[in-house]
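Shown next, in C-alpha cells, is the structure this report addresses.
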Amino acid sequence: MGGVPAVRSVYVCQQCGAESPKWSGQCPACAAWNTLVETVVSRAAPTTPAARARGRGAGPVPVGPGVISPIGEVESAEAGRLSSGIGEVDRVLGGGFVPGSIVLFGGDPGIGKSTLLLQLAARLAAAGHDTLYLTGEESAAQVRGRAERVNGVVSGLGLVATTELETALGAIASAAPALAVVDSVQTLTSAELGGPSGSVGQVREVATRLAELAKSGRTCVALVGHVTKEGTVAGPRTLEHLVDAVIYLEGERLGSTRLVRAAKNRFGSTDEVGVLEMRGDGLVEVADASRFFLESEQPPVAGSAVTIALEGSRPLAVEIQALVAPSGAGSPRRATTGIDVNRVLMLIAVLARHAGLNLTGHDVYVNVAGGLRIEEPASDLAVAAALASSLRERPVRSGTVLAGELSLSGRLRPAGRADRRLAEARRIGFERLVTGPQREHGRPRQAPDGLLSAPDVRAALALALAEA
Ligand code: TYD
Ligand code: MG
C-alpha cells in the first residue's frame, strides 16, 4: 500500500470519550456496552484546515495569525444558489443548492431518494451545470435504466460506480461538478478504517471527508442515506452535525404522495414542505398542492371536515375523515392515520364533556387524507367536527373550513394567521372559516366577512354542522 499515508485508527467510546486500540463490546473505561466507534486519529498530511482543527494530524497544530477578512469582502454562502430544477425542492432547500455545502437526503428504503437525486442531477446538467452521480448501491447500467424512465439521459451528467470513498473523493475533486450525488453514504467505505461499510465509524468518516471536500470548493454534495427520523445506529444523529442541511423524503410507500421536509437547514427555514407525486416517469410537482389533500368533492359527506393547515409559509387544505361506529363487545377501538392518537383521545374526551357527544361504546377511526401527517394543534377543530359529523350523521355545512385549537376546558383558541387561511380557503372555492374569537391588541376585532368565530367547541360545531 505504498503511497497511502500512514493512518492510525482507534476506537472511541461514544459515551465517555475513552480511546481503545481494539474494538470490544464493552468500553473498558466506563463499562457502557456497544459504544466503541472506529475513528481515524492521524493522517500523515491533513488535507484541510478543518481536518487539522478536528485534531487529526499527528503533531501539534501550528498557531498562526489566521486570515482576517473584512466582512464586506467575504462572499456570502448564499451567493450563486443553484436552482435544483424542481420548485418544490428549492422551496425546502431555501432557494436552491448552496455551492460548497453538503446536504443529507434521508428516508426509508424505496421511498424515492435515488429517483429524486438522479432527477435533480439531470435537471442541473440540462441547465448547463455539470453534475456527477456516484453510485455504490446500483450499477451504472441500473442508474442509466432509471435515467431513461425519468428523462435524465443528458450530457453533463456523469456516472461513477464505486464503493470506495477514496475513489469517490478523487472523482469529485477532478470533475469539480456543481452537484455531486453520493448514493449512498452507507455503501462507501474508507480504506483507512477496518470496519464494514455502513458501520457508524465508516458512515461518519465518509460524511466528514465529503463535507471537507465540499467546503474546499464550490461543489455541492448531496448525500443519500437510508435513515429515518427515529434514527438507526448510523442515523441522523451521527450525521446531522456534519452536514449543512438534512432533508427527509417521506410518504406512505404504497401511496404516491411524497413530502420533502428539512429537519435542519443552515441556509433556510425548516418549516417549509414540498409536495411531490411519484409517477411512472419519476417524481413530479403537484399542480396545486393546496388542493392535493382534499379527497372528497363538495358538498361534504358526513364524517369529513376540511382544515387549512399551515406548513411553513404555505397553507394546505387538508381533509380529515372520521368514522364513528358502535363497537362490539370489549373496549372500543381508536385508530388514526396521519394524526397523533393521543390528541384524538383528548378531543373525544372534550367532545363528551363540553359538547354532549358521547363516544363511549363507539369505535373511532380518524384519517388524514392524502398521506399527510399533521401536527398543528389548529387541526383540533376539524377533527372534532369530523367526529361530531360522523356521530350525528350530519355533514359539515358546504363551503366551510375549520381551524382552531381546543383546550381541555372546551374553549376554542383562534388559529394563527386566520386571514391567510381564509384567503387560501376562498381561493380554492370555500366561503367561510370557523375559528376561535378574533382579538387584536387584546380587544375583540371586527373579523372580515367569512371569518366566523366561536368561543367554544359547542358553539363552533353549531356554526359548522349543517341543519339536521
Ligand atoms: P428509489 O428511488 O429507488 O428509492 P430509494 O432510493 O429511496 O430506495 O425508488 C424506488 C421506488 O420508486 C420503486 O418502488 C419504483 C418507484 N419508481 C416509480 O414509481 N417511478 C419511477 O419513475 C421510478 C424511477 C421509480
Ligand atoms: Mg436508492
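Total residues in the stretch 216-260 satisfying the condition of being at pLDDT below 90, in contact with a Phe, Trp or Tyr (Cβ under 7 Å, 6 or more places away or on another chain) and surrounded by 21 or more Cβ atoms within 10 Å (Cβ to Cβ): the figure is 0.
Give all pairs with beta carbons closer than 6 Å in which a residue from the stretch 102-115 that is farther than 22 Å from Leu82 by Cα meets a residue that is within 10 Å of ligand 2 (Cβ to nearest atom) and at pLDDT 95 or above; count only pairs at least 6 apart in sequence or on separate chains. Close Cβ pairs (under 6 Å, with a partner that is within 10 Å of ligand 2 (Cβ to nearest atom) and at pLDDT 95 or above) amount to Gly107/Lys113. Close contacts from the stretch 79-96, counting a first residue that is closer than 14 Å to Leu124 by Cβ and at pLDDT below 90 and a second that is hydroxyl-bearing (Ser, Thr, Tyr) and not in a loop (DSSP other than H, G, I, E, B), with Cβ to Cβ under 9 Å and a gap of 6+ residues or different chains, come to none at all. Annotation note: Cβ proximity below 8 Å between a residue of the stretch 116-128 that is in contact (Cβ under 8 Å) with a residue 60 or more places away in the chain and over 10 Å from Ile86 (Cα atoms) and a residue that is within 16 Å of ligand 1 (Cβ to nearest atom) and assigned to a loop (DSSP other than H, G, I, E, B) (sequence gap 6+ or interchain) occurs for Leu118/Val150; Leu118/Gly152; Ala121/Gly152.
One line per residue, one yes/no per condition, for (1) in a helix (DSSP H, G or I); (2) within 16 Å of ligand 2 (Cβ to nearest atom); (3) closer than 26 Å to Leu259 by Cα:
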| position | (1), (2), (3) |
| --- | --- |
| Leu132 | no, no, yes |
| Gly152 | no, yes, yes |
| Gly158 | no, no, no |
| Leu169 | yes, no, no |
| Ala173 | yes, no, no |
| Pro177 | no, no, no |
| Gln186 | no, yes, yes |
| Gly217 | no, no, no |
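Name the single residue, out of those in the stretch 114-134 being within 9 Å of ligand 1 (Cβ to nearest atom) and of a type outside the set (S, T, N, Q), that is farthest from Arg91 (Cα to Cα).
Filtering the stretch 114-134 down to residues within 9 Å of ligand 1 (Cβ to nearest atom) leaves 114-119.
With the extra rule that they be of a type outside the set (S, T, N, Q), the set shrinks to 116-118.
Numbers: Leu116: 15, Leu117: 16, Leu118: 18 Å.
By that ranking, first place goes to Leu118.
Quick grid of which residues meet (1) in contact with a Pro (Cβ under 8 Å, 6 or more places away or on another chain); (2) closer than 24 Å to Arg432 by Cα:
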site: Leu254; (1), (2): no, no
site: Met278; (1), (2): no, no
site: Pro299; (1), (2): yes, yes
site: Ala302; (1), (2): yes, yes
site: Ala322; (1), (2): no, yes
site: Gly330; (1), (2): no, no
site: Thr337; (1), (2): no, no
site: Ile348; (1), (2): no, no
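Screening the stretch 240-316 for strands (runs of 3 or more DSSP E) wholly inside it with 2 or more residues that are under 20 Å from Leu422 (Cα atoms) and touching a residue at least 12 places away in the same chain (Cβ under 8 Å) returns the ranges 304-311.
Filtered by the rule that a residue be among the hydrophobic types (A, V, I, L, M, F, W, C), touching a helix residue (DSSP H, G or I) at 6+ places or on another chain (Cβ under 7 Å) and away from ligand 1 (no atom under 15 Å from the Cβ), the stretch 80-102 gives Leu82, Ile102.
Within the stretch 347-376, the set of residues being at pLDDT 95 or above and part of a helix (DSSP H, G or I) comprises Leu347, Ile348, Ala349, Val350, Leu351, Ala352, Arg353, His354.
Checked against (1) under 19 Å from Asp90 (Cβ atoms); (2) at pLDDT below 95; (3) more than 23 Å from the chain's Cα centre (by Cα), Ser190 meets all criteria but (1). Just one of the listed residues (Gly66, Gly72) is modelled with pLDDT of 75 or more, over 22 Å from the mean Cα position of the chain (by Cα) and assigned to a helix (DSSP H, G or I), namely Gly72. Taking the conditions exactly as written (in contact (Cβ under 8 Å) with a residue 12 or more places away in the chain and either hydrophobic (A, V, I, L, M, F, W, C) or within 16 Å of ligand 1 (Cβ to nearest atom) (or both)), does Ser139 satisfy them or not? It is true that Ser139 is in contact (Cβ under 8 Å) with a residue 12 or more places away in the chain and either hydrophobic (A, V, I, L, M, F, W, C) or within 16 Å of ligand 1 (Cβ to nearest atom) (or both). The single condition from (1) among the small types (Gly, Ala, Ser); (2) more than 16 Å from ligand 2 (Cβ to nearest atom); (3) in a helix (DSSP H, G or I) that Gly128 fails is (3). Considering only residues in the stretch 84-125 that are of a type in the set (Val, Ile, Thr), closer than 23 Å to Gly312 by Cα and assigned to a helix (DSSP H, G or I), the one that is farthest from ligand 2 (Cβ to nearest atom) turns out to be Val92.
This table checks each residue for (1) aromatic (Phe, Trp, Tyr); (2) more than 17 Å from Glu252 (Cβ to Cβ); (3) crowded, with 21+ Cβ neighbours inside 10 Å.
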site: Met346; (1), (2), (3): no, yes, no
site: Arg353; (1), (2), (3): no, yes, no
site: Leu357; (1), (2), (3): no, yes, no
site: Thr360; (1), (2), (3): no, yes, no
site: Gly371; (1), (2), (3): no, no, no
site: Glu375; (1), (2), (3): no, no, no
site: Ala378; (1), (2), (3): no, yes, yes
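Can you spot a residue in the stretch 183-195 that is more than 27 Å from Val10 (Cα to Cα), without any contact (Cβ under 8 Å) to a residue 40 or more places away in the chain and not acidic (Asp, Glu)? The answer is no; no qualifying residue exists. Take Ala415 and decide whether it is modelled with pLDDT under 95, surrounded by 21 or more Cβ atoms within 10 Å (Cβ to Cβ), touching a helix residue (DSSP H, G or I) at 6+ places or on another chain (Cβ under 6 Å) and not hydroxyl-bearing (Ser, Thr, Tyr). Considered against the rule, which asks whether it is modelled with pLDDT under 95, surrounded by 21 or more Cβ atoms within 10 Å (Cβ to Cβ), touching a helix residue (DSSP H, G or I) at 6+ places or on another chain (Cβ under 6 Å) and not hydroxyl-bearing (Ser, Thr, Tyr), Ala415 comes out as yes.
Quick one: Gly194 ticks every box in (1) in contact with a helix residue (DSSP H, G or I) (Cβ under 8 Å, 6 or more places away or on another chain); (2) more than 16 Å from ligand 1 (Cβ to nearest atom); (3) not in a helix (DSSP H, G or I) except a single one, so which number is it? Gly194 satisfies every listed condition except (1).
Scan the stretch 142-171 for residues that are among the small types (Gly, Ala, Ser) and within 10 Å of ligand 1 (Cβ to nearest atom) and jot them down.
So in the stretch 142-171, the residues among the small types (Gly, Ala, Ser) come out as 145, 147, 152, 155-156, 158, 161, 168, 170-171.
Gly145, Ala147, Gly152 - these are the residues of the stretch 142-171 that are among the small types (Gly, Ala, Ser) and within 10 Å of ligand 1 (Cβ to nearest atom).
The values are calculated or read from the model by the stated rules, or taken from the named source; none is laboratory data. Given the structure is predicted, the values throughout are model-derived calculations rather than measurements. Cβ coordinates were reconstructed from backbone atoms using ideal geometry, including for glycine residues, and neighbour counts include every protein chain displayed.
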